[in-house]
Amino acid sequence: MSFFILGLISVLLAFLIIKYITLIDSKRFQDLIKFFSGIIFFALSIFLLLRGFYYISGPLLAFSIWLTRLKTIYAIFNSFKTINTKEIIIDKKEAYEILGLDFSASKDDIVTAHRALIEKNHPDKGGSNYLSSKINKARDILLREFKE
């Protein structure tokens, strides 16, 4: 029975991790992968150092320090806090919902949907600043995938 509960918790945890990974920004995901792989390499290099494999642990330690450098740690730390409280934060799923598109939308579909929505909701035509900025943010998030 305990293995069943442990398996259920593992599946639930894997599901939550996969859901989190699919919703985060690719740059943030790269920073997290660099950081955690650096921590794993650091632990492995310490283990190899204690076992006497100095010729392997030295370069591995240098590589782990390079992966977990201060720039990466600072980027991860800043990704969890919001510096500007007026900044609109949305994920990919919400961006698709705002523009009324499905996940297989092309670049032209995104631009067309954005243009149609911004024409209706532009502040110069009686729309709100908040709504138009959300539409622009959704476009930026979805078009970022095509630029990379």
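The values are calculated or read from the model by the stated rules, or taken from the named source; none is laboratory data. For clarity, every value in this text was computed on a predicted model and none was experimentally measured. So basically every Cβ, Gly included, is an ideal-geometry build from the backbone, and we count neighbours across all protein chains shown.
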Residues satisfying the stated conditions in segment 20-37, i.e. of a type outside the set (S, T, N, Q), within 21 Å of residue 143 (Cα to Cα) and part of a helix (DSSP H, G or I): 20, 21, 23, 27, 28, 29, 31
Count - residues of segment 104-123 that are surrounded by fewer than 14 Cβ atoms within 10 Å (Cβ to Cβ), in a loop (DSSP other than H, G, I, E, B) and touching a Ser or Thr at 6+ places or on another chain (Cβ under 9 Å): 0
Criterion violated by residue 101 - all others in (1) outside any helix (DSSP H, G or I); (2) under 15 Å from the mean Cα position of the chain (by Cα); (3) touching a residue at least 12 places away in the same chain (Cβ under 8 Å) satisfied: (2)
Subset of segment 1-49 [in contact (Cβ under 8 Å) with a residue 60 or more places away in the chain and of a type in the set (Gly, Ala, Ser)]: 26
Segment 43-72, subset among the basic types (Lys, Arg) and at pLDDT below 85, residue surrounded by the most Cβ atoms within 10 Å (Cβ to Cβ): 69
